[in-house]
Amino acid sequence: MAARKDDSSATHFLNVDLDIYSMYSMYDLQPLVHSFGRKVFVVYVGRDRRTFSAHLELAKTTKSGDSTIRACCALITALPKQERKIWDAAKGRDFSIGIQAGAHPNPCDFAIEAKTLNAVSELAARIVLTIYPFEKPGR
């Protein structure tokens, strides 16, 4: 069930974050992030305690978690050999789908297609759901 765009109290898809965690504390993810260029928006890249992490969002607007994940998979598949080695060596590779819970509708489905699941699997990544709680307006 789709929510109307002007209804902020409806459950809706927000975005997909690509979260990458390095295998070793000395393994900087900056070259990998740099190779994506302007196709991603960098939320954060750098040291995260004893490892490096990168948190990215697709720069172009998409309509669903499914289409966003597929677009990210295409970027990763097109990486140059050296940057792909950084991806393959990462200890964590997550596509985190953000969903804003709303007052309605109840229930609400967000489908991930089989071809998207296959693409994620081929990249040895996970799909993570992040549900943000509903807050009544004025809080």
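Within 13 Å of V16 (Cβ to Cβ), in contact (Cβ under 8 Å) with a residue 40 or more places away in the chain and open to solvent by 30 Å² or more (accessible area, probe 1.4 Å) - does that describe any residue in segment 32-40?
The answer is no; no qualifying residue exists.
Could you please let me know if F41 is hydrophobic (A, V, I, L, M, F, W, C), farther than 16 Å from I127 by Cβ and assigned to a helix (DSSP H, G or I)?
So F41 does not fit the description; no.
For residues that are among the polar types (S, T, N, Q) and over 19 Å from the mean Cα position of the chain (by Cα), scanning just segment 1-50, find the one that is modelled with the lowest pLDDT.
So, considering only residues that are among the polar types (S, T, N, Q) and over 19 Å from the mean Cα position of the chain (by Cα), the one modelled with the lowest pLDDT is S25.
Can you tell me which condition K85 does not meet? The list is (1) under 18 Å from L32 (Cα atoms); (2) under 18 Å from the mean Cα position of the chain (by Cα), and all the others hold.
That leaves (2) as the condition not met.
The values are calculated or read from the model by the stated rules, or taken from the named source; none is laboratory data. Keep in mind it's a predicted model, so treat the numbers as computed, not measured. Counting neighbours? That spans all protein chains shown, and the Cβs are built from the backbone with ideal geometry, glycine included. We work out accessible area using only protein heavy atoms, side chains counted, and drop any ligands, DNA or RNA first. Shrake-Rupley method; radii C 1.70, N 1.55, O 1.52, S 1.80 Å.
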